[in-house]
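The values are calculated or read from the model by the stated rules, or taken from the named source; none is laboratory data. All values derive from a computational prediction rather than experimental measurement. Here the Cβ positions follow ideal geometry from the backbone for every residue, glycine too, while neighbour counts run over all protein chains shown. The area values use the complete protein model at the heavy-atom level, side chains included, leaving out ligands, DNA and RNA. Shrake-Rupley method; radii C 1.70, N 1.55, O 1.52, S 1.80 Å.
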Amino acid sequence: MFKTTPAQLKMKWYAISLCIFITAAAFFTPPIAKAISIIPLSLDKFGLVVLFGFGALLLTQIFKRIGATI
């Protein structure tokens, strides 16, 4: 139906960047971090977050290329 991929949509990348910035700002502002109970992740847990995040994007792109539906 649509001929675009996530990498081609600039507004999505701007939105993702803004979300990361807001999350980082909350993490590094102690009163906000305490109010919303943000705790630092260990390196292995952070790696899992990144792995599953990019893994979902990769699987979506593979299914899209082969024409499968989810």
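Using a 1.4 Å probe over the heavy atoms of the protein chains, calculate the carbon and sulfur portion of the accessible area of the chain as a whole percent.
Carbon plus sulfur share of accessible area: 77 percent.
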Practice prompt. Provide the per-residue ³J(HN,Hα) series for segment 11-16, in order, calculated from phi with Karplus coefficients 6.51, -1.76, 1.60 and θ = phi - 60°, each as a whole number of Hz, with x at glycine and proline positions.
Written response: 5, 5, 5, 5, 5, 4
Item to complete: Round to the nearest 10 and give me the degree value, 0 to 90, for the angle of helix 43-66's Cα axis relative to the longest principal axis of the chain.
Response: 20 degrees
Practice prompt. Starting from segment 14-70, pick out the trypsin sites (Lys or Arg not before Pro) whose DSSP state is loop and whose Cβ has at most 11 other Cβ atoms within 10 Å.
Written response: none
Discussion item. If you consider only alpha-carbon coordinates, what radius of gyration and Dmax does the chain have, in Å?
Written reply: 16.2, 48
Item to complete: State in Å² the accessible area per residue of the chain; use a 1.4 Å probe, count heavy atoms of protein chains only, and round to the nearest integer.
Response: 93 Å²
Worksheet entry | Stretchable slack from residue 9 to residue 26, in nm (0.36 nm times residue separation minus alpha-carbon distance) | 3.5 nm
Worksheet entry | Lysine-lysine proximity count for the chain, Cα under 21 Å, sequence distance 8 or more or distinct chains | 5
